[in-house]
1. Only one of (1) farther than 25 Å from Phe180 by Cα; (2) part of a helix (DSSP H, G or I) is not met by Leu23, so which one is it?
2. Give all pairs with beta carbons closer than 9 Å in which a residue from the stretch 22-47 that is in the same structural domain as Arg104 (by TED's automatic domain parsing) meets a residue that is of a type in the set (Lys, Arg) and in a helix (DSSP H, G or I); count only pairs at least 6 apart in sequence or on separate chains.
3. With a cut-off of at least 1 residues that are over 13 Å from Leu24 (Cβ atoms) and assigned by TED's automatic domain parsing to the domain that holds Arg159, name the strands (runs of 3 or more DSSP E) lying wholly within the stretch 48-141.
4. If you check Gly278 against the conditions, is it at pLDDT 90 or above, of a type outside the set (Ser, Thr, Tyr) and assigned by TED's automatic domain parsing to the domain that holds Asn227?
5. Take Leu243 and decide whether it is aliphatic (A, V, I, L, M) and either under 23 Å from Gln134 (Cα atoms) or free of Cβ contacts under 8 Å to residues at least 24 places away in the same chain (or both).
6. Among (1) surrounded by fewer than 19 Cβ atoms within 10 Å (Cβ to Cβ); (2) within 16 Å of Cys40 (Cα to Cα); (3) under 13 Å from the mean Cα position of the chain (by Cα), which single condition is Ser97 missing?
7. Among Asn234, Asn239, Asn227, Asn166, which is of a type in the set (S, T, N, Q), modelled with pLDDT under 95 and within 30 Å of Ile303 (Cβ to Cβ)?
8. So which of Thr260, Thr254 is surrounded by 15 or more Cβ atoms within 10 Å (Cβ to Cβ), within 30 Å of Gly182 (Cβ to Cβ) and either in contact (Cβ under 8 Å) with a residue 12 or more places away in the chain or assigned by TED's automatic domain parsing to the domain that holds Ala78 (or both)?
Amino acid sequence: MSDSIDYSIIIPVYNRAEEVNELLGSLAKMHLPKNKSIECIIVDDGSTDNTGAVVEEYTNKISFPIRFIQQENQGPGAARNNGMEHAKGTFFIFLDSDTLVHPRWLQAIEDAVRDGADAFGGPDRASEDFTALQKAINYSMTSFITTGGIRGKKKRVGRYYPRSFNMGLRREVYEKIGGFGGLRHGQDIEFSQRIIDSGATTRFVEDAVVYHKRRTSLRKFFKQVFNWGVARINLYKVNPDMLEVVHIMPAIATIAAAVTMVLAILGITWSYYLIAFGLVGSFFAGIHGGLQTRSVTVGCLIILVIPIQIIGYGVGFISAWISRVFLGKSEFTGFVKKYYR
């Protein structure tokens, strides 16, 4: 095999040995595009667990080379940049360690590349063996009801940005725009914005599916969506084009909910109708999600998860707006401990 290959799959990791084991297991089972060369680059961002041993175990189980690169802890963006610097591929593809790939994932990407895509992203879904909470979070994160389809749907109310849990680009695009920036949160969206601004042909590849485990507790989920709300304001300060009406809606809903609760406490009658309307909306979303997943438990959890997502994002958005726009301070940082989680 020559030094140049077709696809470099780059995965940043930090103390996620169990997840890396499952992800590599799914890569071992995927269908490989005919006559295409592949490499997998695991960039270890200062782990203290047995991630290296797990990767070593798979070197003889996967039909393409796995390269293991270690660095001091700098965050996933720096790890992805390190991976690109060492990659030999014509295309760089990023996965998060808490994903599993569908067997046809890479073949779907190959089809998009043959059709002229310079950059691309794919959807994330819940696997049948995920927990009820993971399925409820997946519904909330991917439903048009809660996100407007901006995470990758045929119908959406905002611009689609490939996300780093499942995205890729041609080497020439990287050489033109550079690597991931230094934002603590939202760096993949800022990276995608530069890809779009470069004029690269960017596609949403519907069949390039990954199964995304996301957060495993409501507390971790709240922290995650809070950080996404923070990220949107930081992104706006980098480029106003990265703030659309759909991104503001959770903050408006959060303020409306807070005002309505205060009015209800004060005994304002019409506020009770607004509370009832919100509860009915969550209830019907729970029914819809429960029918989709064929699970009453998931449906009940969705009723709880959706308000956490909206309010968590909204509070993060409002906090960052007050700090950066109203008070004029520098980049606002949300929850930073255990960044990969």
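The values are calculated or read from the model by the stated rules, or taken from the named source; none is laboratory data. Predicted model, so just to flag it, every value in this text is computed and none were measured. Cβ coordinates were reconstructed from backbone atoms using ideal geometry, including for glycine residues, and neighbour counts include every protein chain displayed.
1. Looking at each condition in turn, Leu23 falls short on (1).
2. Val43/Arg80
3. By residue number, 66-71, 89-95, 119-121.
4. So Gly278 fails the test.
5. yes
6. Condition (1) is where Ser97 drops out.
7. Asn227
8. Being surrounded by 15 or more Cβ atoms within 10 Å (Cβ to Cβ), within 30 Å of Gly182 (Cβ to Cβ) and either in contact (Cβ under 8 Å) with a residue 12 or more places away in the chain or assigned by TED's automatic domain parsing to the domain that holds Ala78 (or both) holds for just one of Thr260, Thr254, which is Thr254.
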